[in-house]
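Remarks on the structure that follows.
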Amino acid sequence: RYVCLGGGTVTWSIDNLDSIKSAIESGKFNNYQGICYDVEGYDDSDQTILDKFEECFSAAKAKSLKNIISTSHTGPFAGGDPKTIMEYFFSSENVDIISPQLYTCDYGTANEYDPTSGLSWSDFANFYKNRKKSIKYYRTH
C-alpha cells in the first residue's frame with residue numbers, strides 16, 4: 001500500500017515539501033510501504049527545491065519507505081526545466097521507482113508515447129534502472 005501525493009493540479013513547493021518531510025518524520029505514513037510523488041509541476045523560483053525533495057526521500061528511507069516518482073510522460077509539464085529535475089530524480093540513490101504516465105488528462109483509451117519534457121524515451125531509459133510504466137488501461141499495454 002502506497003500513498004500518492006501531488007498530481008496535475010499540485011505545484012510542488014518548498015513549503016509543501018517541508019510539510020511532507022514533517023509528516024514522514026512524525027510517522028504519519030508508517031502504515032504505508034512507500035510514497036509516490038506525482039510531480040507534474042513544481043516551483044523552481046527557489047533552486048533548493050531539489051534539496052527539499054531529497055530531504056523527503058531521505059526521511060522516507062529512514063522510515064523504511066520506498067520512494068516512487070510519477071510524472072506526465074517524460075517529465076513535468078509545468079515549472080522549471082523538466083530535464084533538470086528528471087536527471088536529478090534519476091540520479092538520486094533514494095528514488096526506488098520512476099513511473100512515467102502514458103496518458104493525458106485522465107482520458108483516452110490508448111497509451112500516449114509523445115515525450116513532453118525535452119527528453120526522449122531513449123534518454124529516459126538510460127537514466128534509471130528501475131523503470132516502470134503507469135498504464136491507464138491495462139488493455140493498451
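Overview of results
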read-out	value
Nitroxide proxy distance, nm - points 7 Å out along Cα→Cβ at Asp43 and Thr109	4.1
Nearest-0.05 FRET efficiency for Tyr2 and Asn30, computed from C-beta distance (R0 22 Å)	0.95
Pairwise label distance in nanometres, Lys83 with Ser122, each label 7 Å out on the Cα-Cβ vector	1.5
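No lab work stands behind these numbers, since they all come straight from the coordinates. Since this is a predicted model, take the numbers as computed values, not measurements. With ideal geometry, Cβ positions are generated from the backbone for all residues, glycine too; neighbour counts draw on all protein chains shown.
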